[in-house]
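Only one structure is covered here, and it is reproduced in the block below.
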Amino acid sequence: MQHALLRPEDMQSTPVQTPRLAVVVPIYRHSVLLAEAIESVLAQRAGFPIQLVLVNDGCPHRETDLVCREYALSYPERITYLRKPNGGLSDARNHGIRHALATWPSVEAIYMLDADNRLRPDAMANAMAALEQYPDAGWIYPNIDMFGLSWAGDYGGDYSLLIHTVMNVCEAGSLIRRDVFDAGVYFDTSFKSGFEDWDFFLTAAEAGFRGRNIDNFGFLYRKRAESMLADSERDAEAIRSEMRKKHKNLFSPRGLLELEQNEAPRYAIFLTDRNEVLLTVDPDASDVRCLSAAEFEQLWWRTQTDNSQHQMPPILVMTHSAVLEQLRRARMLHGVLWTMERRLTRHCFTALEIEPREAERIRWSEQEAQGSAEFHPAMLMVRPGTLAAIVRDSSISWATGIAARPCSVPATLIQLQLPEALFSAGEEFYASAAHDFVALAARYHASPNRGALAYNWDWRNPDIPWRARTHEISRVPTKADAAYPRVARDGRDVGFVLPLVEFGGVERVALNTALAMKQAGWRPHLFVLEARNCQFSAEWRDTFDSVTFLADPHFATWGPANSNYLGTDVPDWSRFGDQRQATAMLSWLDAVINFHGGAISGVMGRLKRFGVKTALSLHLSDQSPFKRLVGNTYLGLAFEHAYDVILPCSEQLGDWCHGMGIPADKIVPLLNAPSFDLPEGAEARIDARRATRSPQDPLRVMYLGRLDHQKGVERLISIVETAQATRLPIEWRLIGKAVLGDSALELPPHISGLLEPPLTTPEDLAEAFEWADVFILPSYYEGLPLTILEAMRSGVIPIATDAGAVIEVVRQWENGVVLSQAETVAEALSALSRLVGDSELVQRLSARARTDMQGRDWNSAVAPLILRLDAMHAADKNEKLKKEKQ
């Protein structure tokens, strides 16, 4: 592309100038209106030199060249005329900017003026004074005073990059500090259909610069019924899509949440005991702003009369500092706020009641509060605009119903039961949030400031409607009812997603993986998808930073399915369901691991696009009634593309994944290990127990687990009954819970009499394994059972069927016994008979089992996953730096 200046013979000798400011005017098809723009620059009343640079961007109108030449020849010391082939608006602007900066080192700022707009005489003086007054400003931008189609728009108030992501608050006609261009920020020439200036200022903001608005700028915008901007609006969504791709981090859920916390806090949390208000998105963030009640009231009234210029947290939360601490101890503060905010789509109020319970469980329930005589909320969340509507109303009698008995106002009531251990003796239980809100509303309603609401206080029209609903901006990427209120901090956050949390093997794997990652510096967070309650002992509380219930009635782990993949149902929710809430719940994390979450696989692709690393933990394939392999492993295959990493619990399952089409590089075996640490002194007791066993002692045989079909409960019954009938010298312990259902066997009375309740604490489990000589597990299908590993660690000999990856750890008559699926009962009885008669064999197998488990722990098992995640995050960081350099 050839660029041309005026030929020397066309110009008079230009005196050397030292302009402080250059005005760049790109010109294409505005030959007649151009003269007005030029004259408005020449008429500037500024106490410093201004250089005007006219850039003819290959305009086809001959008149454009004639006008530019005439002005350049008439004002050679003030006007430079550049001609270039057509390259678009961005290219023309860049050409003029580069010429100005290279030609006049004295230039401190560049002003961009489109050829059909104009300036008032003091515009450049006003803008330059503001640039000097605010050294932290990268550019000064105007309000929009239009002529033609007349309109005056107020863009005042503090600059907000958060708002800038949803609307272009900065007109191209802004005064831009030279430092912005020196940092490599120019107009992107790939934007040829509009919004070039929007993209430019977002790029400048990402480079660390910020804008500042001044009221008296003096910029005049020509508004016509048809224009380039109007044309751009027709392609707006396509252009915005390109901007979102270019500014991926800025438009991501994490990026928007960080901006929301810094610029426009979502919640005003009114602590009634302290008479203070916390302004924040994340109550645990380091930059929470605290106001006195009087300061908050003053801020609130200011936004009511001039809401386009001042930001106010849109969501009011009435509560007590003790309530926040109770929720923190339960690891539920963020999850509760998120769910309460989502429920504001139903009613103007969401209320929370907290009740302590003896069991170490969390229980969650919801109901309509209206009509409830027992309504004592510890926290009340108020929908945006509700308080303003109450204050503006002639009477607040309708609002007082929230504190009535029974409650007479529609509201959602969330009831939360927490472990009693979380509460201190004599701790205050606050239950007056509704009364305190009514008192606040009454005080504001009686305020003398209320009279100001009847007047307009500015001649310009408020033109930043997003000031009043900034909380909706962070919802844009997911389109959810609320963005999860957690702001990224130093370190990394990983989510553990489970359909329920009880005492199963999958949950124990998740717990131990989380603990290992926590010790490596990650922050684990627990997300319960389907259940409304979960066990949450001290072990879980100490491991997880937070626990959140999805509480979405539309979600089902294995819901209705109208399609299947290789014989496994693919839940409709995973393909066609409303995934907005689940996506918002997880999109702020660095990584997410799905532990048998079924349909939740459907959101993983979206999370990947947001930069979240996704992993799938695989344990076993289930069996259909016709003995066909189905279940979570096959669903994982169906959604393999949505996962960065696949985590099989054994090498065997990893080989199966590879054989089924998953790339080897994606497979990171996370090998199962014992799910609990041995209590203090257990090793010594195990040594003593194994060393002192007498050949005359009966063989102690234990079963521990669910009593259901998968575990071979009918086989177990036959083994026990036959051993008793043949009078084998065996002591039995059957520990677990009978699962009754269509496919389950009802336990005979003499077997039920042996049954002991499930064990959940490490101390109880360790004692049971110390007691036993043999652990029996006649399962039909398995992954790599944790109970086998735990038994072997304590020197207990496993007798287990050849299911899943059992043979990966159990070697026939070396450290245990492997039973065939065809002759399970007979082979089990034969093995028991042999062990009963050979005490030395028992000692040898026991010692070898124990030795083989040495060094098998979760820190070692999880280390490859951590390395892989670290490598992926490092690659992302390098890619980001590479793009920034480009």
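Which pairs turn up if I take residues in the range 654-666 that are under 16 Å from Pro864 (Cβ atoms) and look for partners that are small (Gly, Ala, Ser) and assigned to a helix (DSSP H, G or I) with beta carbon separation below 7 Å, at least 6 apart in sequence or on another chain?
These pairs meet every condition: His658/Ala664.
Of Ala46, Ala72, which residue is surrounded by 23 or more Cβ atoms within 10 Å (Cβ to Cβ), under 24 Å from Asp122 (Cα atoms) and among the small types (Gly, Ala, Ser)?
Numbers: Ala46 fails: surrounded by 23 or more Cβ atoms within 10 Å (Cβ to Cβ).
Unique residue meeting the criteria: Ala72.
Checking Leu256 against (1) surrounded by fewer than 22 Cβ atoms within 10 Å (Cβ to Cβ); (2) in contact with a Leu (Cβ under 8 Å, 6 or more places away or on another chain); (3) of a type in the set (A, V, I, L, M): exactly one of these is not met. Which one?
Just one mismatch for Leu256, condition (1).
Let me confirm something: among Ala723, Ala682, Ala688, which residue is loosely packed, with under 14 Cβ neighbours inside 10 Å, out of contact with any Pro (no Cβ under 6 Å at 6 or more places or on another chain) and small (Gly, Ala, Ser)?
Selected residue: Ala688, the only one of Ala723, Ala682, Ala688 that is loosely packed, with under 14 Cβ neighbours inside 10 Å, out of contact with any Pro (no Cβ under 6 Å at 6 or more places or on another chain) and small (Gly, Ala, Ser).
Quick one: would you say Asn275 is at pLDDT 90 or above and at positive phi?
In short, yes.
In the range 440-467, which residues are part of a loop (DSSP other than H, G, I, E, B) and under 39 Å from the mean Cα position of the chain (by Cα)?
Arg460, Asp463, Ile464
For the range 557-616, enumerate the residues that are of a type in the set (Lys, Arg) and within 16 Å of Lys479 (Cα to Cα).
Scanning the range 557-616 gives Arg580, Arg606, Arg609.
Which members of the range 808-827 meet the condition of being surrounded by fewer than 21 Cβ atoms within 10 Å (Cβ to Cβ) and over 40 Å from the mean Cα position of the chain (by Cα)?
Arg811, Gln812, Trp813, Glu814, Val818, Ser820, Gln821, Ala822, Glu823, Val825, Ala826, Glu827
At least 2 residues that are crowded, with 23+ Cβ neighbours inside 10 Å and at pLDDT 95 or above in each: list the helices (runs of 4 or more DSSP H) lying fully within the range 506-609 that qualify.
Because the criterion is at least 2 residues that are crowded, with 23+ Cβ neighbours inside 10 Å and at pLDDT 95 or above, the helices (runs of 4 or more DSSP H) in the range 506-609 that meet it are 572-576, 580-586, 604-609.
Across the range 314-353, what is the total count of residues that are buried (at least 22 other Cβ atoms within 10 Å of the Cβ) and without any contact (Cβ under 8 Å) to a residue 60 or more places away in the chain?
Summing the residues that are buried (at least 22 other Cβ atoms within 10 Å of the Cβ) and without any contact (Cβ under 8 Å) to a residue 60 or more places away in the chain in the range 314-353 gives 1.
Return the only residue of Ile788, Ile797 being touching a strand residue (DSSP E or B) at 6+ places or on another chain (Cβ under 7 Å), surrounded by 20 or more Cβ atoms within 10 Å (Cβ to Cβ) and free of Cβ contacts under 8 Å to residues at least 40 places away in the same chain.
Ile788
When you check Gln309 against the structure, is it surrounded by 16 or more Cβ atoms within 10 Å (Cβ to Cβ), at pLDDT 95 or above and of a type in the set (S, T, N, Q), yes or no?
No, not satisfied.
Is it the case, given these coordinates, that Thr386 is at pLDDT 95 or above, surrounded by fewer than 17 Cβ atoms within 10 Å (Cβ to Cβ), outside the structural domain of Asn533 (by TED's automatic domain parsing) and farther than 19 Å from Phe429 by Cβ?
No; evaluated as a whole, the condition is false for this residue.
Can you pull out every residue in the range 617-632 that is touching a helix residue (DSSP H, G or I) at 6+ places or on another chain (Cβ under 8 Å) and either assigned to a loop (DSSP other than H, G, I, E, B) or among the polar types (S, T, N, Q) (or both)? Spell out the reasoning first.
First, the residues of the range 617-632 that are touching a helix residue (DSSP H, G or I) at 6+ places or on another chain (Cβ under 8 Å): 617-622, 632.
The answer is Ser617, His619, Leu620, Ser621, Asn632.
Looking for whichever is more than 30 Å from Thr760 (Cβ to Cβ) and surrounded by 22 or more Cβ atoms within 10 Å (Cβ to Cβ) here; the options are Ser447, Ser474. Which one fits?
Of the residues listed, the single one that is more than 30 Å from Thr760 (Cβ to Cβ) and surrounded by 22 or more Cβ atoms within 10 Å (Cβ to Cβ) is Ser474.
Those residues that are outside any helix (DSSP H, G or I) and either among the aliphatic types (A, V, I, L, M) or over 17 Å from Arg606 (Cβ atoms) (or both), I need them from the range 633-649; list them, please.
Looking only at the range 633-649, we keep the residues that are outside any helix (DSSP H, G or I), and these are 639, 643-649.
Of everything in the range 633-649, those that are outside any helix (DSSP H, G or I) and either among the aliphatic types (A, V, I, L, M) or over 17 Å from Arg606 (Cβ atoms) (or both) turn out to be Val645, Ile646, Leu647, Pro648, Cys649.
The values are calculated or read from the model by the stated rules, or taken from the named source; none is laboratory data. Note that the coordinates shown come from a computational prediction; the quantities given were computed from them, not determined experimentally. All Cβ positions, even for glycine, are placed from backbone atoms using ideal geometry, and neighbour counts span all protein chains on display.
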